[in-house]
Amino acid sequence: MLKEAVSYSIAEGESVRIVQVTDPHLFADPEAQLLGVNTSKSFAAVLNTIRAVDYPAHLMLATGDLSQDYSAESYQQFVKAVTPIGLPCHYLPGNHDDPRIMYLHMQGEQIFGQQRILAGNWQILMLDSTVRGKPGGNMAETQFELIDKAIAAHPECHTLLVMHHNPIVVNCTWLDQHCMDNGAEFIARVAKYPQVKGLLWGHVHQCIDTHHNGPHGSMQLMATPSTCIQFKPLSPYFALDSVQPGYRLLELRADGSINTKVYRVPGNHFSPDNNSSGY
């Protein structure tokens, strides 16, 4: 049975505007650091940048690894941090999250864990790509069933599929060990739907904007920087990048096209320690 969606009333012909944040890796202790970066402060800096840009968004998507230490307090801190933004925030789990603790403590008037969002001419599906106890991902058959049923229920809607793990390799040898292990199958299966216009994820701590040309045209493939540390692109071994934390803005247009851009915190306030360990 298809569960009820969260619905937003958006004028016909108007774009759906989204802010995506991902991989904040928060701790119970707000002073804790991940590889030399205070993740609470870097997340706050990203949220401050979002406020400064003043993008007229309809909603926020948080695409996993909200916690680094699986603590109730880390999820409570996330909710406390995003609430002043004033946007409905929809979240999904990453490999560093404990789904049970997450669902218990991600609570707030505008905090949503439902997998289906209906907004304007679009349907957004928040997919679970996690495998308990493993850093890599897999798109389970239950998630394919959700996609099938959701599109059948609203075939008139353009569709954005959102997840934590990367369904394509990013040519970082060490990182690609932890991708979605059935990513090629996933892309082939969802590309059969003309409604699917884009795939959006986190996990890789770097910006990727590319396309997949399928039987019904091009699907946009988008990965978004973390709100804390960044991984160096195209690296065969674990390496940190010096670029600043970031987030993504998306405009889902009524005609099915997607306009999107990644923004980063200005300055150079968050520099990782390359001699640290513990990711």
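Filter the cross-link list K134/K197; K41/K261; K232/K261; K41/K197; K134/K232; K41/K232 down to pairs whose alpha-carbon distance in this structure exceeds 27 Å. Checking Cα-Cα distances, K134/K197; K41/K197 exceed 27 Å.
With viscosity 0.692 mPa s and temperature 37 °C, the Kirkwood radius over alpha carbon pairs of the chain converts through Stokes-Einstein to a diffusion coefficient of 176 µm²/s. Each 5 Å bin from 0 upward holds the following percent of the Cα-Cα pairs of segment 87-204: 2, 11, 21, 23, 20, 14, 8, 2, 0. Accessible surface comparison of S271, S257, S226, probe 1.4 Å, protein chains only, largest first: the order is S271, S257, S226.
Pairs of Cα atoms nearer than 8 Å and 6+ residues apart set the relative contact order; for the chain it is 22 percent.
Each DSSP beta bridge with both residues in the chain is either parallel or antiparallel, and the antiparallel ones are about 50%.
Take the Cα gyration tensor of segment 173-262, multiply each eigenvalue by 5, square-root it, and list the three semi-axes largest first, rounded to whole angstrom. Kindly include the intermediate steps, with their values, before the conclusion.
Numbers: eigenvalues 130, 62, 14 Å².
Taking √(5λ) for each eigenvalue gives 26, 18, 8 Å, largest first.
Across segment 176-243, C-alpha contacts under 8 Å between residues 6 or more apart give a mean separation that, scaled by the residue count, equals a relative contact order of 26 percent.
Structure remark: mean-square fluctuation, Gaussian network model of the chain, C-alpha springs under 10 Å; the largest value among F238, F144, F112 belongs to F238.
For the chain, the mean residue ellipticity at 222 nm estimated from helices alone is -6000 deg cm²/dmol, where every DSSP H run of n ≥ 4 contributes -39500 (n - 2.57) and the total is divided by all residues, rounded to the nearest 500. DSSP beta bridges fully contained in segment 75-226 are about 45 percent antiparallel. The Rg/Rh ratio for segment 1-135, using Cα coordinates for both the radius of gyration and the Kirkwood hydrodynamic radius, is 0.97. Only alpha carbons enter this Debye calculation for segment 231-279, each as an equal point scatterer, and the log10 of I(q)/I(0) it gives at q = 0.15, 0.19, 0.21 Å⁻¹ is -0.60, -0.77, -0.85.
For segment 121-254, averaging the sequence separation of C-alpha pairs within contact (under 8 Å, six or more residues apart) and dividing by the residue count gives a relative contact order of 22 percent.
Within the listed set W122, W174, W201, the Gaussian network model of the chain (springs between alpha-carbon atoms below 10 Å) gives the highest mean-square fluctuation for W174. Rolling a 1.4 Å probe over the protein heavy atoms of segment 1-78, with every protein chain left in place, gives an accessible area that is 50 percent carbon and sulfur.
When GluC sites (Glu not before Pro) are flagged only if DSSP places them in a loop and at most 16 other Cβ atoms lie within 10 Å, the longest unflagged stretch of the chain comes out as 157-279. Per residue, the accessible area of segment 150-278 comes to 42 Å² when a 1.4 Å probe rolls over the protein heavy atoms. Each label point was placed 7 Å from the Cα along the Cα-to-Cβ direction; for E14 and K261 their separation is 2.2 nm. The calculated Kirkwood hydrodynamic radius for segment 145-194 is 12.3 Å, given to one decimal from all distinct C-alpha pairs. Note on S7 and R100: the model spin-label points, each 7 Å out from Cα along the C-beta direction, lie 3.5 nm apart.
The values are calculated or read from the model by the stated rules, or taken from the named source; none is laboratory data. Please read these numbers as outputs of a predicted model, since none were measured by experiment. In this analysis, Cβ positions are derived from the backbone assuming ideal geometry, glycine residues included, and neighbour counts consider all displayed protein chains. Ligands, DNA and RNA are stripped out before the accessible areas are found, and what is left, the full protein with its side chains, is counted by its heavy atoms. Shrake-Rupley method; radii C 1.70, N 1.55, O 1.52, S 1.80 Å.
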